[in-house]
Amino acid sequence: MTMQMLEAGGIGIAIDNIRKPGDDNPKGYYEYERVKDLDKGGDNSWLKEFRGKAIKIISFLLKELPETYNYKVVFMRRNLQEVLASQAKMLDNRGETNESSDEKMLELYQNHLWRVDYLMKHRPCFELLNVDYKDVVENPRRQAERIREFLGNHLDVDKMTAAVDGTLYRNRR
């Protein structure tokens, strides 16, 4: 949802459309495949192509970003029970199962988010704005204004607000 808002608001985005929209994400994934290789130790010079643009990076890979650049991170937070429900639904749609219990997954997510918070506070190349998923759905204008302020006041808040599709908030607590 964040990438859709940023794109609508006027920020260029890094996307390659390799992963196609589907039942789990009908508006698309807004991904750029090279991001998935950040932890492989290869050449990350391609990042410079996206200065001033938005690129979706899963939280696990944030630690792999080089300190060569400064990053403004809009971190979408979501209730972890909802994340678990969403992932269970995705796995079910694929005919896969998760071998870990919800309790174990919840503990892993909580520990991971603690590490992400620590990283954001202790690496000077990061500037962080936490945005709550539920708040975006319930008050998209206010959250669009916060994002615009964080990124430099050049975004179209009306278009960002219009990009929020509350019908996609399906796995609620």
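Every number here is computed from the coordinates shown, using simple stated rules; none is lab data. Remember, predicted model here, so these are calculated numbers, not experimental data. Every residue, glycine as well, gets a Cβ built from its backbone with ideal geometry; the counts of neighbours run over all protein chains shown.
Quick notes on this structure:
- Computed over the stretch 33-130, the percent of Cα pairs more than 18 Å apart is 56.
- Only aspartates and glutamates eight or more places from residue 20 in sequence, or on another chain, were considered; those with a Cα closer than 13 Å are 31, 33.
- Kyte-Doolittle mean at least -1.0, axial Cα span of 27 Å or more - DSSP H helices of the chain: 102-122
- Overall Cα dimensions of the stretch 2-168 - principal axes, largest extent first, Å: 43, 38, 31
- Computed label-point distance, nm, for sites residue 72 and residue 89 using a 7 Å Cα→Cβ extension: 3.1 nm
- Gained length - residue 118 relative to residue 45, 0.36 nm times residue gap less alpha-carbon distance: 23.7 nm
- Hz values of 3J(HN,Hα) by residue in the stretch 133-138 - Karplus curve (6.51, -1.76, 1.60), Gly and Pro given as x: 3, 4, 5, 5, 5, 7
- The amide H of residue 128, built 1.01 Å from its N in the peptide plane, has 73 as neighbours under 5 Å, considering only residues 5 or more places off or on other chains.
- Cross-link reach is defined here as a Cα-Cα straight distance under 17 Å, omitting same-chain residues fewer than 8 places apart; for residue 40 the lysines meeting it are 63.
- Per-residue ³J(HN,Hα) for the stretch 33-39, Karplus 6.51 cos²θ - 1.76 cosθ + 1.60, θ = phi - 60°, Hz, x for Gly and Pro: 3, 4, 4, 5, 9, 4, 8
- Cross-link reach list, aspartates and glutamates versus residue 27, counting only Cα pairs under 13 Å and skipping chain neighbours closer than eight places: 7, 165
- Amide H contacts of residue 54: 12, 13, 14, each under 5 Å away and 5 or more positions distant or on a separate chain (H built 1.01 Å from N in the peptide plane; Pro and chain starts excluded).
- Across the chain, the mean sequence separation of Cα contacts (distance under 8 Å, 6 or more residues apart), normalised by length, yields a relative contact order of 30 percent.
- For the stretch 2-168, with +1 on Lys and Arg beta carbons and -1 on Asp and Glu, the positive-most of 118, 47, 166 along the dipole: 47
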